[in-house]
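**Q** The structure that follows is given in the form of structure tokens.
The values are calculated or read from the model by the stated rules, or taken from the named source; none is laboratory data. Because the structure is a prediction, the values reported are computed rather than measured. Glycine also receives a Cβ, built like all others from the backbone with ideal geometry; neighbour counts cover every protein chain displayed. Areas reflect the complete protein model, heavy atoms only, side chains present, ligands, DNA and RNA absent. Shrake-Rupley method; radii C 1.70, N 1.55, O 1.52, S 1.80 Å.
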Amino acid sequence: MQTSKAETRQILTQYVSCDVLLKHCMAVEAAMEAYAKKFGEDEAYWGAVGLLHDVDFDLYPNDHPNHAREILTKYNYSDDFITDVESHARDWSQERTLLQKTLLALDELTGFIIACALVRPDKSLDTLEAKSVVKKMKDKAFARAVNRATIIEGAMSLGVDLKEHISFVIEALATAAKRPEYQNPPLL
Ligand SMILES: [Fe+2]
């Protein structure tokens, strides 16, 4: 089923009440759209997968994403769409598609980039450089919950250089942060 961004957001907010998680989903949405555009894929579809990828996390933090299917079938999402959402399970055993690899490559990275922006004096993505994100990745005390290996492996599986990947995602998030649909709540 094809829904508008606003409708998709409405579905998400029925299941996600925490602002931090909502912003995370929005960031993954924006970055998925940017990669879809780069790869010549369906931006709306990739964005919706990104936005809904953690739809069951608030309700089932210890059994996520295993409840995405029961939620998303209520809204007539296709089997393929739901499989794409489920595919970011870290123990996913099947070979991931390009979309699925991209989702995994963005899940941890978007949050890490935003954390890097928030500790800058201007709290902005506009002046953030990939090299400072790479440097922060080596600082184990910084944003310690973020799994660095997943970020590195994500870029490798996509076949992109880590620094270029980070630069691309910074740019995608910085652009999205200025768009009206990313003001409420603000992306960072
Ligand atoms: Fe996530």
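**Q** Residues in region 43-58 that are within 10 Å of the ligand (Cβ to nearest atom) and open to solvent by 50 Å² or more (accessible area, probe 1.4 Å): how many?
**A** Matching residues across region 43-58 total 1.
**Q** Select from region 37-59 the residues that are in contact (Cβ under 8 Å) with a residue 24 or more places away in the chain and of a type in the set (Gly, Ala, Ser) and write down the one among them that is farthest from ALA105 (Cα to Cα).
**A** Step one: list which residues in region 37-59 are in contact (Cβ under 8 Å) with a residue 24 or more places away in the chain, which gives 38-39, 41, 44-59.
Of the ones still in play, those that are also of a type in the set (Gly, Ala, Ser) are 44, 47-48, 50.
Details: ALA44: 18, GLY47: 14, ALA48: 16, GLY50: 11 Å.
Result: ALA44.
**Q** Can you tell me which residue is nearest to GLY50 (Cα to Cα) among those in region 94-112 that are open to solvent by less than 50 Å² (accessible area, probe 1.4 Å) and of a type in the set (D, E, K, R)?
**A** As a first pass, look at region 94-112 and keep what is open to solvent by less than 50 Å² (accessible area, probe 1.4 Å): 96, 99-100, 102-112.
In the following step, the residues that additionally are of a type in the set (D, E, K, R) were identified as 96, 107-108.
Details: ARG96: 15, ASP107: 9, GLU108: 12 Å.
So, considering only residues that are open to solvent by less than 50 Å² (accessible area, probe 1.4 Å) and of a type in the set (D, E, K, R), the one nearest to GLY50 (Cα to Cα) is ASP107.
**Q** Additional query: Looking at region 86-93, can you tell me whether even one residue there is farther than 26 Å from PRO186 by Cβ, more than 16 Å from the ligand (Cβ to nearest atom), at pLDDT below 95 and surrounded by fewer than 16 Cβ atoms within 10 Å (Cβ to Cβ)?
**A** To start, the set of residues in region 86-93 that are farther than 26 Å from PRO186 by Cβ comprises 86-87, 89-93.
The next check asks that each one be more than 16 Å from the ligand (Cβ to nearest atom); those that pass are 93.
If we keep only those that are at pLDDT below 95 too, we end up with 93.
Subset that is surrounded by fewer than 16 Cβ atoms within 10 Å (Cβ to Cβ): 93.
Yes.
**Q** Something else now. Taking TYR77 as meeting all but one of (1) open to solvent by 10 Å² or more (accessible area, probe 1.4 Å); (2) within 11 Å of the ligand (Cβ to nearest atom), write down the number of the exception.
**A** Here TYR77 meets the rest and fails (2).
**Q** Let me ask you something else. Among the candidates GLU164, GLU171, GLU70, single out the residue that is open to solvent by 50 Å² or more (accessible area, probe 1.4 Å), within 22 Å of VAL55 (Cβ to Cβ) and more than 16 Å from the ligand (Cβ to nearest atom). Give the steps one after another, and end with the answer.
**A** Values: GLU164 fails: within 22 Å of VAL55 (Cβ to Cβ); GLU171 fails: within 22 Å of VAL55 (Cβ to Cβ).
Result: GLU70 is the single residue among GLU164, GLU171, GLU70 that is open to solvent by 50 Å² or more (accessible area, probe 1.4 Å), within 22 Å of VAL55 (Cβ to Cβ) and more than 16 Å from the ligand (Cβ to nearest atom).
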